[in-house]
Amino acid sequence: MVTLHRHMYSQWCHYPWGEVACQTFRLIGCVGCALISHAQEVFHGQKGHRITGMRITIVSGLWLAILLALVTVSARDGKAEGRLYAEGEVLIRWAPATGVPHEVAAAREMLQVQWQAQLVGRIRQLGIERWRVPQGKVFEVVRELQALPGVQWVEPNYLVRLASLPAWPVGMRMTFAPFRRLSRPQGLTPNDPYYQNYARRYLAPLGVEAGWELETGTPDVVVAVIDTGIDCAHEDLQGACWQNPDEVVNGIDDDGNGYVDDVNGWNFYEESPDVRDVFYHGTHVAGIIAARMNNGRGIAGIAPGVRVMPLGIFSPRGVGTYYDLIRALLYAADEGAAVINLSLGATSYSYGEALAVAYAYARGAVLVAAAGNRASDRVFYPAAHPQVIGVAATRVNGQRPGFTNWGSYVDVVAPGVSIISTIPDDRYGVLSGTSMAAPHVSGLAALIRSRNPRLSPEEVRRLIESTAEDQIGPPQQDVPGWDPYYGYGRIHVERALNATATASGPLSVGPPVFPQLPWAPPCQEILVNGDFEQGLQRWNASGVTLTSTTVYSGTQAVQLSAEQGGIISQTVVFPEQWLRATVFLAVRIETTDSGEGSDPEVPFDDWLEVELRDDQASLLLLRAGNTSDSVIYGLEWDEVLVILPAETLTSLRGQTGEIRVRVGGDGDGLDTLFTVDTVRLCVITGRTQAYFPWLMTR
């Protein structure tokens, strides 16, 4: 859920003077802190450069900013603050009807009769249905359905949130006196006034002006903006919005895609073709990507010649669900988006989201997502999905702002502090957050695909990463090569475009490849008693107990205490020829410990690790801990799925290996209890296909 004021404090109150200032302005949504923080950034963010004579006229939108800062928003049916899912809604994928038709029918009947549930939506491409169940019964329904053979998977309809922080109040008009001119590199310099007088200070170091000499984008390259909608009538976005060539406004679904009159895109929250921005965030993101250049107005986008596809999934209060996000991802992929920008996210994992990301990636879309504003290295989805380019934020001078996330899923960084862009009604506003960093990367991806549309998403990613400017931050964080704080470095437009060989032709598109659940044919199970229904038979175990009161499926599970330590392992034999191995397990975390440990790479006091080993190699499949999403956040079970090509562990062919689960803690007396159930390890021995390793955890 979106809680703007909570995230604003994390950005602005870390300054030495911020605590007093933030407390002073607490009752007005920290608007004062926003102005102070911005002034600190503008006057001191880049040594020797000042804005003088700055004038800000705050109009009625200021009161909207104050309201948004003070009110914790809710989902469409009024959820309490902190809830991670839409109350009264679950997403279900039924087992294939050809395999267990009677079980599917029985599960449907139970859902309708016992729970009085109603079917309220379908995602036909993935076979997912959205059901409304009684309020307060979501996890009871999920638990009961998970045990039925007719259900492939079921989960709450999780919420997603925006990933931005207001730096200046929205709803304002601004004028600037020019500041001291930066040294001018050779290249194209737009005449757009806010670019020249403001945005150029953080865009010029990216090599945009020399890059624009090579490419400004083509209109057949479309960037889907899954957000709050876009003000396509904005003066600086004229002609920038995608037009569906197969649809007209006539009340008929002309192109047969299931959406009537979707001439510019679709509002999935309202189930409407009205894609106008309901919150301001989407228009701001769209301007960073594709604001028109050299029109004498506003700013210049990174890719001013491409088009943006407005896909709304958020309510006017700024909250959305995974159900709408999944449908938007599929729509973008099916309508040919070359790039998908996701300035949003949550710490919850959704298997449905993972399927949708895989679908879009396989259809040829480059996916870019914000790394999150939690000042943490906790995973943040969808940025943490391996097919997605995760983007953290930097200041003008290359330093990391206090709010940005970091971690193993950060691929690159881009400007994300005090970014000026378009907001509805021909206005311009300044926002901060990884929401603002991500569209800089999406714009670069669009320029690369304009220059060479034949490149695959993976090739585009490699170009962005290999040409990034490394070591722009503190040497203790921004080390040579990849690091968790800056990834491969700050994007560089000129370098990336110079490294892109020109070509023409259609976008590179491949068939979708979905991960199968590990127990589905033709996967051959090689682990025995993974559901612990025969106790600990076939397992080597130490320091663990069996439980029948807390189970993911069946009647028993195994529990491991971090304070006491514990380990379970089982020896497995791999066949001579195998193409892919799939590991699945369910993990439940119950903790009284909130400590994050001393190692930034392992931010837990108490931890759990899952490994696949042999006598030559060890592969870490999962690391979780007391600060991971847990029962106290409303997440009853983590579902972990890892799909590994045979090349990952070439030694495991016709040899024995071991799957091992172990836990540990810091011995502080505050315990974490890890419950493990439904462990699966199976292998595919069928025809050769191209698979990528995935680590998916809710």
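From the protein chains alone at 1.4 Å, what is the descending order of accessible area for Phe139, Phe380, largest first?
Phe139, Phe380
Provide the gained length on full extension for the span Asp614 to Gln655, in nm with one decimal, where the gain is 0.36 nm per separating residue minus the Cα-Cα distance.
Numbers: separation 41, 0.36 × 41 = 14.76 nm, distance 0.84 nm.
So the extension gain works out to 13.9 nm.
Can you give the extra length, in nm with one decimal, that the chain gains between Ala503 and Ser542 once fully stretched, where that is 0.36 nm per residue apart less the Cα-Cα distance?
Result: 8.1 nm gained on full extension.
Please list Arg374, Arg490 from largest to smallest accessible area, probe radius 1.4 Å, with all protein chains kept in place.
Arg374, Arg490
Roughly what % antiparallel, to the nearest 5, for the DSSP beta bridges in the stretch 324-453?
Here the share of antiparallel DSSP bridges comes out near 35 percent.
Å³ per residue of the Cα convex hull, for the stretch 552-602?
Each residue corresponds to 178 Å³ of Cα convex hull volume.
Carbon and sulfur atoms: what percent of the 1.4 Å accessible area of the stretch 250-368 do they account for? Mind dumping the intermediate values first?
Numbers: 1110 of 2540 Å².
Carbon with sulfur: 44 percent of the solvent-accessible area.
What ³J(HN,Hα) values, in whole Hz, does the Karplus curve 6.51 cos²θ - 1.76 cosθ + 1.60 give for the stretch 610-619 when θ = phi - 60°, with x put for Gly and Pro?
Computed from phi, the couplings for the stretch 610-619 are 10, 10, 10, 10, 9, 7, 10, 8, 9, 10 Hz.
Before I look further, what does the stretch 347-490 give for accessible area per residue, probe 1.4 Å, in whole square angstrom? Please list the in-between numbers first.
Working: 3140 Å² over 144 residues.
Per residue, the stretch 347-490 has 22 Å² of solvent-accessible surface.
Out of every Cα pair in the stretch 219-315, what percent are spaced more than 23 Å from each other? Show your work: numbers first, answer last.
Numbers: 1023 of 4656 pairs.
The calculated P(r) of the stretch 219-315 puts 22 percent of pairs beyond 23 Å.
Using a probe radius of 1.4 Å on heavy atoms only, what accessible surface per residue do you get for the stretch 254-333? Whole Å² is fine.
24 Å²
Can you say what percent of the DSSP beta bridges in the stretch 223-382, counting only those with both residues inside, are antiparallel? Round to 5.
Around 10 percent antiparallel, to the nearest 5.
Need one word for the stretch 335-410: rounded, prolate or oblate. Basis is the Cα gyration tensor (sqrt eigenvalues a ≥ b ≥ c); a/c below 1.5 gives rounded, then a/b vs b/c decides.
oblate
Determine one quarter of the surface area of the Cα convex hull of the stretch 356-499, which equals its mean projected area, and express it in nm² to one decimal.
Taking a quarter of the hull surface, the average projection is 8.9 nm².
Are there GluC sites (Glu not before Pro) in the stretch 540-613 that DSSP marks as loop and that have at most 15 other Cβ atoms within 10 Å, and which are they?
In loop regions of the stretch 540-613 (DSSP not H, G, I, E or B), the sparsely surrounded GluC sites (Glu not before Pro) are Glu576, Glu601.
Let me have the relative contact order for the stretch 239-351, percent, based on Cα pairs under 8 Å that are six or more residues apart.
Numbers: 153 pairs, mean separation 24.6, N = 113.
Computed over the stretch 239-351, the figure is 22 percent.
Order the following by accessible area, largest value first: Glu271, Glu129, Glu658, Glu109. Probe radius 1.4 Å; ligands, DNA and RNA are ignored.
Glu109, Glu271, Glu658, Glu129
Say a paramagnetic label sat at a point 7 Å from the Cα of Leu188, along Cα to Cβ; which residues of the stretch 301-338 have their backbone N under 13 Å from it?
301-306
Extension gain Glu576-Leu119, at 0.36 nm per residue separation less the Cα-Cα distance, in nm?
Value of the extension gain: 159.9 nm.
With labels modelled as points extended 7 Å from the Cα through the Cβ direction, what inter-label distance (nm, one decimal) is found for Asp274 paired with Gln238?
With each label placed 7 Å out from Cα toward Cβ, I get 2.6 nm.
How much of the DSSP beta bridge set in the stretch 288-401 is antiparallel, as a percent to the nearest 5?
Numbers: 1 of 9 bridges.
Here the share of antiparallel DSSP bridges comes out near 10 percent.
The values are calculated or read from the model by the stated rules, or taken from the named source; none is laboratory data. Note that the structure is a prediction, hence the values are computed from the model and not measured. Here the Cβ is made from the backbone with ideal geometry for all residues, glycine too, and neighbour counts use every protein chain on show. Calculation scope for accessible area: heavy atoms of the full protein, side chains included, ligands and nucleic acids excluded. Shrake-Rupley method; radii C 1.70, N 1.55, O 1.52, S 1.80 Å.
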